[in-house]
1. Among (1) farther than 19 Å from K16 by Cα; (2) touching a strand residue (DSSP E or B) at 6+ places or on another chain (Cβ under 8 Å), which single condition is L82 missing?
2. Just to be sure, is R95 open to solvent by 70 Å² or more (accessible area, probe 1.4 Å) and under 17 Å from K4 (Cβ atoms)?
3. Report whether or not A42 is buried (at least 17 other Cβ atoms within 10 Å of the Cβ) and more than 16 Å from the ligand (Cβ to nearest atom).
4. Taking K69 as the residue in question, decide whether it is assigned to a loop (DSSP other than H, G, I, E, B) and either of a type in the set (F, W, Y) or open to solvent by 20 Å² or more (accessible area, probe 1.4 Å) (or both).
5. Considering M52, M59, M87, which residue is over 10 Å from the mean Cα position of the chain (by Cα), in contact (Cβ under 8 Å) with a residue 24 or more places away in the chain and either away from the ligand (no atom under 16 Å from the Cβ) or not in a helix (DSSP H, G or I) (or both)?
6. If we keep just the residues of segment 1-19 that are open to solvent by 50 Å² or more (accessible area, probe 1.4 Å) and modelled with pLDDT of 95 or more, which is farthest from the ligand (Cβ to nearest atom)?
7. Output the number of the condition that L22 fails; it satisfies all remaining conditions of (1) within 14 Å of the ligand (Cβ to nearest atom); (2) within 12 Å of V7 (Cβ to Cβ).
Amino acid sequence: MMQKILVVEDNPTNMKLATAVLEHAGYQVLTAEAASTGIAIARESLPVMILMDIHLPGMDGLEAARRLKADPMTQAIKVVALTAFAMKGDEERIRAAGCDGYIAKPIKYKEFLAQVQSMLDSVSPGQVEQA
Ligand code: MN
C-alpha cells in the first residue's frame with residue numbers, strides 16, 4: 001500500500017515541487033494550502049507524515065503542529081516543518097511545538113527526498129514504547 005504524506009504549503013511553487021518529488025518516489029500525496037484544512041485532512045486520512053510549512057495564512061504551521069500533537073487521533077503522525085528560517089533558536093521553537101524535525105527550504109530534489117525517507121524510517125518515541 002502506498003504511504004500517504006500530507007503537504008501543507010501555501011506557496012504554489014513549493015507545493016508543486018514537493019508533490020512531484022514525493023509522487024515520483026511512490027508516495028500518495030495529499031495537499032492543503034491552509035493549516036485548518038490540513039488538520040481536517042490529517043484527521044480523516046491519517047497520513048504517515050505531514051510536511052508543514054511554518055508561514056501560512058491564518059493559523060501558522062507551529063500552532064497546527066501543536067494541535068495535531070495534542071490530539072490523540074493525530075499525535076502519532078510525524079510532523080516535519082518546512083522552513084526557510086533554520087537559524088539558531090528556530091529549531092527549538094519547532095521542537096517545542098511538537099514537530100519531529102524540519103527540512104530547510106528551498107526544496108532540493110535529492111536532498112528533500114532523502115530527508116523525508118530518513119525521517120520516515122526513524123523510530124518515533126511512541127513506537128519504542130509499543131515495542
Ligand atoms: Mn508559506
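The values are calculated or read from the model by the stated rules, or taken from the named source; none is laboratory data. Keep in mind the model is a prediction, meaning the values are calculated, not measured. Note: ideal-geometry Cβ built from the backbone for every residue, glycine included; neighbour counts use all protein chains shown. Note: areas computed on protein heavy atoms with side chains; ligands, DNA, RNA excluded. Shrake-Rupley method; radii C 1.70, N 1.55, O 1.52, S 1.80 Å.
1. The single condition L82 does not satisfy is (1).
2. When the stated conditions are applied, R95 does not pass them.
3. yes
4. No; evaluated as a whole, the condition is false for this residue.
5. M59
6. Ranking the qualifying residues of segment 1-19, first place goes to Q3.
7. (1)
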